[in-house]
1. Would you confirm whether or not the range 275-292 contains a residue that is surrounded by 14 or more Cβ atoms within 10 Å (Cβ to Cβ) and under 19 Å from Cys169 (Cβ atoms)?
2. If you check Gly247 against the conditions, is it in contact (Cβ under 8 Å) with a residue 60 or more places away in the chain and open to solvent by less than 40 Å² (accessible area, probe 1.4 Å)?
3. Kindly indicate the residue of the range 78-112 that is touching a residue at least 40 places away in the same chain (Cβ under 8 Å) and touching a helix residue (DSSP H, G or I) at 6+ places or on another chain (Cβ under 8 Å) and also most open to solvent (accessible area, probe 1.4 Å) among those meeting that condition.
4. Mind listing just one residue for me: the one in the range 147-183 that is acidic (Asp, Glu) and outside any helix (DSSP H, G or I) and, of those, most open to solvent (accessible area, probe 1.4 Å)?
5. Looking at the range 113-142, I want the residues that are on the phi < 0 side of the Ramachandran plot and assigned to a helix (DSSP H, G or I) and have a partner that is at pLDDT 80 or above and open to solvent by 50 Å² or more (accessible area, probe 1.4 Å) with Cβ atoms under 8 Å, at least 6 apart or on another chain. Which pairs are those?
6. Out of all the residues in the range 138-158, which are under 15 Å from the mean Cα position of the chain (by Cα) and among the acidic types (Asp, Glu)?
7. Looking only at the range 35-55, how many residues end up being part of a loop (DSSP other than H, G, I, E, B) and either at pLDDT 95 or above or hydrophobic (A, V, I, L, M, F, W, C) (or both)?
8. Can you name every residue in the range 189-211 that is under 23 Å from Leu242 (Cα atoms), touching a Phe, Trp or Tyr at 6+ places or on another chain (Cβ under 8 Å) and either open to solvent by 20 Å² or more (accessible area, probe 1.4 Å) or β-branched (Val, Ile, Thr) (or both)?
Amino acid sequence: MLIRPMDILEQYPVRKNKKQKQAFRTAVESYGERLGYAVTVEKGQFGAQNLLLGDPERAKYLVTAHYDTCANMLLPNFITPCNVFLYLAYQIGLVFLLIVASAVAGAAAGLLFGSEAVKWVSLAVYWILLFMLILGPANKVNANDNTSGVVTLLEIARTLPENQRHKVCFVLFDLEEAGLLGSASYRKKHKKATDNQLVLNLDCVGDGDHLRMFPTKKLRKDRKKLTSLYRACGYFGKKNLLVHENGAAVYPSDQKHFPYGVGICALRKQKKILYMSRIHTKKDTVLEETNVNILRAALTTFICCNEVN
């Protein structure tokens, strides 16, 4: 039985295969029902199973997080949301490494089996490595990605006053790590409702002092909705929660499927560069409860005091 959200770290640390995911969903279903929420599981494409607490059609807000566990990687998924050039350079570098590895394997095959083997072995190795990066063995240490988002979502659900709960539907997405498939299925199923809902997506919020909200392009153009986000912002000792409004930004997560989506994450800072590291590796061990408490308090207050038309 799930008593408090932070217990997920020890009780349900890996949510990769069907059995692990089912155990997690069962625990959260029971937890949500004890809090008084209507809990449902929605099936989507490619076997996705999204878990909902609340009414998805009536809600003005969606508070979301993905619960599936990523594959283990030798190199971290290094993300610099505010520096698009550096982010793209790193991603291109990973692809280049895949190409080099497949080329080396192809060359070796050519020496052993002749030139005809080079092409096919190279292609096979490339796609096998790519598959392993996305759907390979689970990263058994995932405190930040995305246990932190799940814990924060459940903490908000726990502390949100009962007379405010009609405003919100809490959604735990499946298959984010496989290409945002769970959120894509949800968007397709609830297109009319999500055309106007403000979607607050919590992904990797546990490691870093710089909590940032990244609104989608459409949201940035809606001054009323965008300005409302600033009511959640603030400085909390060495930590801060701010909206990234000016300049290009990229944060690859589930909010991208929604017109008024907001990607929320925690970042470290070095030499003026905000970045996220460690995720998708065994070094993903940090989940700061202070971050959870800041977001719980800020977003709960925001929901209670704000109205979205």
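1. no
2. Working: in contact (Cβ under 8 Å) with a residue 60 or more places away in the chain: yes; open to solvent by less than 40 Å² (accessible area, probe 1.4 Å): no.
No.
3. Phe78
4. To start, the set of residues in the range 147-183 that are acidic (Asp, Glu) comprises 155, 162, 174, 176-177.
Narrowing the set further to residues that are outside any helix (DSSP H, G or I) leaves 174, 176-177.
On the way: Asp174: 3, Glu176: 17, Glu177: 34 Å².
Looking at the filtered set, the residue picked out is Glu177.
5. Here the result reads Val118/Ala107; Ser122/Ala103; Tyr126/Ile99, each pair linking the range 113-142 to a residue that is at pLDDT 80 or above and open to solvent by 50 Å² or more (accessible area, probe 1.4 Å).
6. Asp145
7. 6
8. Matches in the range 189-211: Asn196, Val199.
The values are calculated or read from the model by the stated rules, or taken from the named source; none is laboratory data. The model shown is predicted, which means the values in this text are computed figures rather than measured ones. With ideal geometry, Cβ positions are generated from the backbone for all residues, glycine too; neighbour counts draw on all protein chains shown. The accessibility values were calculated without ligands, DNA or RNA, using every heavy atom of the protein model including side chains. Shrake-Rupley method; radii C 1.70, N 1.55, O 1.52, S 1.80 Å.
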